[in-house]
Every structure is written in structure tokens, then in C-alpha cells.
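Below is one structure, written out as C-alpha cells; comments come after it.
Rule-based calculations on the coordinates, nothing more; no lab input. These figures come from a predicted structure and were not determined experimentally. No Cβ is skipped: glycine too gets one built from the backbone with ideal geometry, and neighbour counts run over all protein chains shown.
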Amino acid sequence: MPLDAPSPDRARLWPPVLLRAAVALAFGVATVFWGQPTTAGAAWVFAAYVWCLLAGEVWLLRAERPAPGRISALFGLVPYALGAVAAVVLVVSPSVSLLAWVGAAALVLVGISDVVRSVLSRRPKAGSAPLARDLLITGVVSLGGGLLLPFFAGLGPHALLGVAGGPAIITGVLLAIAALSLRHDSATSARVA
């Protein structure tokens, strides 16, 4: 099925994509407007962001029909879950260096997951997934943010949140557009059918 063809499956995809967009935008806004975050506060906000991303990914994988391939599901869940476990470390033992390195690891894991899922969904056997291009972009953006994060460790928690928040805002806007497009396509196909 071509990417542009409306599919009834898109009606199930847009809510989890919109959730991930809302989570990313909320995190991005928090990083912009929180002037003097403490290290512990930054750790909690970052951890909540990663935990909510995991929840959104679980919902998205459950919404995909037919069910995603086993490899795609593993690459969807395992990196996100590892990032969520890493976020627990941040909350238990908050420090600026841990925020930089563990936060970087979590963002890199999320980015790798999105890139691999995008590549897997473009395989001929898998057919075309409506989110393949969006996942590639969000994956690259998350990877970039994760790779940059350790370089700003010396500037404190506000800078680290800012570096992590930039990719979150980009990802949030892109996924909000994708979710609204999926919703529109599913409504259009429902009216035509």
C-alpha cells in the first residue's frame, strides 16, 4: 500500500502519535520556561519525559494493525524500555554528569529505535508504514540531541534541559502534524467508504 493511500488502520494510529507529540511539546515547553531548574528537578522532568515516551510507544505498537513484526516490536520496545530504566537512575541519584550521560543514552536509544523501525517498515515484506518517514526524522533528531548532550554537562541542568528540549520541540511539532494528517486521512477514508 502506498504511503499516500488512506487506510482504516490510520484511525488507530493518530491518538498514540498525538500523545507522543504532546509529551514532547510539554517537555520542550518546560525546558524553555523553567529558568532555574535544580538538578533533581531536571532529573525528574527528564525521567517523566522518557517514561511517557515509553507509554506512547507501547500504545503505538499496540495500535499498529496488522501487528508489527517481531523485530520491529523489539526495536520499538527494548530501546525505549532501556531509556526508561536509565531514567530511574537519574531520579535515584541525580547529578549533572548523570543527567548529561544517562540523558544522552536515553535519547540515543530512542533515536536508534525510531530509525531502525523506519528502516524496517520500508522493507518490501513489511509494506509501507504511514509513519516511516516521520520516524526516520524523529530518530535522527533524537540521536543528534543525545550526541550533543554530554558536551553541555559543564553548563548545568538548565543547559542540559535546553539541549534535550530542542529536539523534543522539533519532534513534537513533526509528530503533531503527522497525527493530524493521520486523523484527517482516516476521516476522509471513512466518509468515502
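Things to note:
- Scoring 106-114, 17-25 by mean Cβ neighbours within 10 Å over their residues and listing the highest first yields 106-114, 17-25.
- Karplus-derived 3J(HN,Hα) values for the range 161-167, using 6.51 cos²θ - 1.76 cosθ + 1.60 with θ = phi - 60°, are 5, x, 5, 6, x, x, x Hz; glycine and proline are entered as x.
- FRET efficiency, 1/(1 + (r/R0)^6) with R0 35 Å, evaluated for Arg133 and Gln36 via beta carbons: 0.35
- Checking every one of the trypsin sites (Lys or Arg not before Pro) in the range 106-183 against DSSP loop status and a limit of 12 other Cβ atoms within 10 Å picks out Lys125.
- FRET efficiency for the Arg122 to Ile177 pair, using the beta carbon distance and R₀ = 25 Å, is estimated at 0.80.
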